[in-house]
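First up is the structure itself, then whatever we jot down about it.
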Amino acid sequence: MEKVNPNHILPDITPGDFPGLVSFWNFQEDGEDFGTTQGESYTLRSQSGPLSVHEDPTAPLGGKALQIKRGQWMNIARKDCPLLDFHGPDGHLTVIAWIKRKKTEHRNCEFIAGQWNESDGGRQYGLFLNISVWQQQDQVCGHLSNVGGPTPGYRYCIDGPVGATPVGFDEWSVVAMTYDGTQGFCWLNGHLDVRPQLNPYSMAGGLFDGGSQGSDFTVGAVDRSGEIGNFFSGEMAGLAVYRRALSPAEIFALSQL
């Protein structure tokens, strides 16, 4: 019997090989505008000047990564990315990112990507790290909202799955959130990071519809308390968004790229 090389069990695949891809960004060149590699032609635009891409032989998806320093973030105007506007009972989704976190002196929530505007009541969905609302830190969190504003009875939104395992610093991690219209899930390195009552997280009824005045799609920060914050610091090798909740096998396969 032919021996199987464990490093070649998966075929050569790309995010575009999985149905439902909206857009995949694989950052390869310095600049202020970053177009998609696969999917819809949606351009992420830096809101903080030129961003640098550097070679990193350990980086997934081709050995290059975008460096995101505290205060740097990107945006796509809402009107320019209609297929990223997931809302209503059919607003199913997956957001997955290949990242390497960096420690900073500021211990804030870290936003990866989504349509999430807290200042103007435009919360829909957002992939976060380090949400401390449940007395733990550094885990993956998939924030979800069906009201746009804070969870009724609370000061902030507390809805969405939260994992149990801290996301490490200075190492590559694959972080993801999915929502199937009934439950939200968050994933770390291809595995459902189960946490009783919090991951999976039950939230039926779909997502808030922000309409024409809803949130832009942002990466690396969100609008909250009337200003941009919740900055992510680190490196990002890739980001993909799907219009459906990927299966556990699909999430695992993407984490192996």
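The values are calculated or read from the model by the stated rules, or taken from the named source; none is laboratory data. Just so it is clear, the model here is predicted, and its values are computed rather than measured. So basically every Cβ, Gly included, is an ideal-geometry build from the backbone, and we count neighbours across all protein chains shown. Accessible surface is based on the protein model in full, side chains and every heavy atom, while ligands, DNA and RNA are left aside. Shrake-Rupley method; radii C 1.70, N 1.55, O 1.52, S 1.80 Å.
Per-structure values
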quantity: Helix-derived mean residue ellipticity, 222 nm - over the chain, DSSP H n ≥ 4, -39500 (n - 2.57), to 500; calculated: -1000 deg cm²/dmol
quantity: Cα centroid of the range 36-73 to Cα centroid of the range 182-234, whole Å; calculated: 20 Å
quantity: The range 118-257, relative contact order [Cα under 8 Å, separation at least 6], %; calculated: 23 percent
quantity: Heavy atoms of residue 246: accessible area, 1.4 Å probe, square angstrom to 10; calculated: 10 Å²
quantity: Where Cα atoms sit under 22 Å apart: lysine pairs in the chain separated by 8 or more or lying on different chains; calculated: 6
quantity: Cα gyration tensor shape for the chain, rounded if a/c is under 1.5, else prolate or oblate; calculated: rounded
quantity: Two-site label geometry, residue 154 and residue 13: point separation in nm, points 7 Å out along Cα→Cβ; calculated: 3.3 nm
quantity: Sum of side-chain charges, residue 60 neighbourhood, beta-carbon under 11 Å (Lys, Arg +1; Asp, Glu -1); calculated: 0
quantity: Residue among 84, 31, 221 farthest towards the positive dipole end of the range 18-255, charges placed on Cβ; calculated: 221
quantity: Net dipole in debye of the chain [+1 Lys, Arg Cβ; -1 Asp, Glu Cβ; about Cα centre; nearest 20]; calculated: 520 debye
quantity: Per residue value of the accessible surface for the chain (all protein chains in place, 1.4 Å probe), Å²; calculated: 45 Å²
quantity: Extension gain from residue 137 to residue 83, taking 0.36 nm per residue of separation minus the Cα-Cα distance; calculated: 16.3 nm
quantity: Stretch gain in nm, segment residue 55-residue 169, where the contour uses 0.36 nm per residue and the Cα spacing is subtracted; calculated: 39.2 nm
quantity: Residue 120 versus residue 41: modelled label distance in nm, points set 7 Å from Cα along the beta carbon direction; calculated: 2.6 nm
quantity: Under 11 Å, Cβ to Cβ, from residue 150 - net charge with Lys/Arg +1 and Asp/Glu -1; calculated: 0
quantity: Accessible area (Å², 1.4 Å probe, nearest 10) - residue 134; calculated: 80 Å²
quantity: With all protein chains modelled, accessible area of residue 58 [1.4 Å, Å²]; calculated: 90 Å²
